[in-house]
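The values are calculated or read from the model by the stated rules, or taken from the named source; none is laboratory data. Keep in mind it's a predicted model, so treat the numbers as computed, not measured. Glycine also receives a Cβ, built like all others from the backbone with ideal geometry; neighbour counts cover every protein chain displayed. SASA here: full protein model, heavy atoms, side chains in, ligands and nucleic acids out. Shrake-Rupley method; radii C 1.70, N 1.55, O 1.52, S 1.80 Å.
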Amino acid sequence: MHVSENIPFEIWREIFQIVFATKSDISHPPSKWEWSPLNSRLNVYRCVALVSKVWRENARAVFFEDLQALTADALKGLIQCFHFDKHIATAVSRVEFSFYEFRCSMSTPRRPRKLLPPIPGEEEDEITRIRRNKEASYQPSKTTQAKHWDSWNSYIGFILKRCSSLAEVKISFSSDHSARDRPRTSMNYATLFKVPDLTIKNIIESLVSLENLREVTLIDPAPLEKYGPGMAAWERMQSLTIILHRSFEELSESSFIPPRSLKSFKFHDHSPGDIAWPLSSDLGRCTNLQYLNLGVSSLENQITVEAIAFLIRAYQNTLLELTLESVSSDRWHSRTAVEFSQVFARQPPVHFEKLRTLRFVGGYYDSSILVGVNNDALATLEFPRLDYRKHQVDETVWRKILCQRNLKGLKKLKIEKMESDVSEVVSKVCEELEIHFELSVKA
């Protein structure tokens with residue numbers, strides 16, 4: 001089929017976005033190795049660029065819109081491209097960086113290239129098994145971490161300053177995913193070099209200078225306290241995500257200073273919970289937050305409970321969706337469920353004017369948690385599991401629960417896990433009340 005080359009770039013963009021996103025033998029040539037998103041897109045671009053000059057120019061512009069520059073080769077390649085053609089940097093709209101992946105690509109020896117998952121029932125040869133074991137046990141160099149950090153900081157700072165049209169940025173500052181949160185011991189020298197205690201001046205200054213920034217995701221940002229005042233400069237930012245996997249001593253002294261335009265805020269703390277969440281915040285400028293997602297591994301620290309309650313109350317008049325999640329503090333151990341009942345137990349009760357979705361992830365809850373929440377427009381309610389043991393398995397009991405005044409507008413009830421006999425009762429009551437009941441697992 002002949003495609004006319006005299007068409008607007010907006011149409012070319014839609015075409016090439018589909019081409020780049022489609023997995024095929026061109027994007028993923030037959031191999032026992034995994035193809036990174038950047039390499040798979042590059043494979044497609046090389047083929048498309050051979051068609052004609054118009055195809056090459058339009059495909060190149062779309063290719064640079066979304067970049068995952070994780071390794072040293074990827075970062076250096078981008079810098080060379082921007083030196084060769086400084087205008088191409090203005091095409092970059094989304095970019096992702098990772099310090100851990102960068103370290104793996106800079107360390108000696110380098111991390112083995114990832115193998116594809118083994119095919120069920122197919123026996124692997126000895127060489128493949130050895131390579132897979134090396135990949136699983138790989139640890140990047142610890143003694144050169146400071147040098148790697150300085151190089152990474154410099155590369156990212158240069159790229160961010162050149163990409164003046166950036167709208168979405170994701171940066172993972174994690175130094176080591178495999179040894180995270182493990183105790184330091186003198187017997188294992190690797191644990192003595194855990195977290196880089198270095199500056200990120202180039203990165204934070206470059207981020208602040210981006211005037212078109214809409215969405216930011218920061219994983220283990222260090223030093224954390226720099227981003228509180230920094231985010232106030234992102235006047236067009238609409239979505240902010242911060243995820244912590246370790247204890248940040250500066251967390252309790254950090255300040256949350258959101259820009260006026262912020263609509264979505266996600267903050268997940270996977271640390272053991274020994275450091276309290278900050279209570280000092282400047283919320284005066286941000287008056288239209290609509291989506292709030294908070295995750296914590298422990299609520300034993302009462303200051304953290306107060307901080308969560310404060311954020312919820314601060315935005316109770318504007319929130320459309322609230323998610324409270326129990327997250328794991330250590331991926332090597334089983335999840336310890338956190339209940340957010342004590343957050344809503346404070347007086348006076350929280351009153352949501354516009355909330356449409358209330359979602360609890362992880363843990364066990366009793367329906368009494370809803371007593372402290374007043375909702376005028378709640379339509380969707382999600383629980384990991386409702387504790388029914390305090391009630392009889394009776395339609396009257398569940399009809400009373402679901403007919404509470406603050407659930408008068410409920411349209412959907414989703415429960416992750418529930419005993420089969422109870423779920424049948426709940427399903428019947430929901431059907432009578434015209435509530436869509438969704439159950440993931442019958443226990």
Quiz item: In region 289-326, which residue that is in contact with an Asp or Glu (Cβ under 6 Å, 6 or more places away or on another chain) and open to solvent by 40 Å² or more (accessible area, probe 1.4 Å) is modelled with the highest pLDDT?
Solution: Tyr291
Quiz item: Can you tell which of Leu410, Leu381 is at pLDDT 85 or above, open to solvent by less than 40 Å² (accessible area, probe 1.4 Å), in a strand (DSSP E or B) and of a type in the set (A, V, I, L, M, F, W, C)?
Solution: Leu381
Quiz prompt | For Leu370: the one exception among (1) under 26 Å from Gln290 (Cα atoms); (2) at pLDDT 75 or above; (3) of a type outside the set (Phe, Trp, Tyr); (4) surrounded by 15 or more Cβ atoms within 10 Å (Cβ to Cβ) | solution = (2)
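Conditions tested, residue by residue: (1) open to solvent by 10 Å² or more (accessible area, probe 1.4 Å); (2) in contact with a strand residue (DSSP E or B) (Cβ under 9 Å, 6 or more places away or on another chain); (3) outside any loop (DSSP other than H, G, I, E, B); (4) at pLDDT below 80.
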{"position": "Ser328", "(1), (2), (3), (4)": "yes, no, no, yes"}
{"position": "Glu339", "(1), (2), (3), (4)": "yes, yes, no, yes"}
{"position": "Arg346", "(1), (2), (3), (4)": "yes, no, no, yes"}
{"position": "Leu358", "(1), (2), (3), (4)": "no, yes, yes, no"}
Exercise. Only one of these is at pLDDT below 90, in contact with a strand residue (DSSP E or B) (Cβ under 8 Å, 6 or more places away or on another chain) and open to solvent by less than 70 Å² (accessible area, probe 1.4 Å): Ser4, Ser31, Ser36. Name it.
Key: Ser36
Quiz item: Between residues in region 410-421 that are free of Cβ contacts under 8 Å to residues at least 24 places away in the same chain and residues that are open to solvent by 60 Å² or more (accessible area, probe 1.4 Å), which pairs lie under 9 Å by C-beta distance while being six or more apart or on different chains?
Solution: Ser420/Lys442
Quiz item: Out of curiosity, is Phe63 more than 29 Å from Tyr100 (Cα to Cα) and either out of contact with any strand residue (DSSP E or B) (no Cβ under 7 Å at 6 or more places or on another chain) or open to solvent by less than 50 Å² (accessible area, probe 1.4 Å) (or both)?
Solution: no
Practice problem: Filter region 115-144 down to residues that are open to solvent by 40 Å² or more (accessible area, probe 1.4 Å) and hydroxyl-bearing (Ser, Thr, Tyr) and give me whichever is nearest to Lys32 (Cα to Cα). | Solution: Ser137
Quiz item: Where residues in region 67-89 are crowded, with 16+ Cβ neighbours inside 10 Å and in contact (Cβ under 8 Å) with a residue 40 or more places away in the chain, which of them is farthest from Ile243 (Cα to Cα)?
Solution: Phe82
Quiz item: Quick one: is Lys147 open to solvent by 20 Å² or more (accessible area, probe 1.4 Å) and in contact with a strand residue (DSSP E or B) (Cβ under 8 Å, 6 or more places away or on another chain)?
Solution: no
Quiz item: Do you know which residues across region 413-439 are open to solvent by 50 Å² or more (accessible area, probe 1.4 Å) and either aromatic (Phe, Trp, Tyr) or assigned to a strand (DSSP E or B) (or both)?
Solution: Lys414, Glu416, Lys417, His436, Glu438
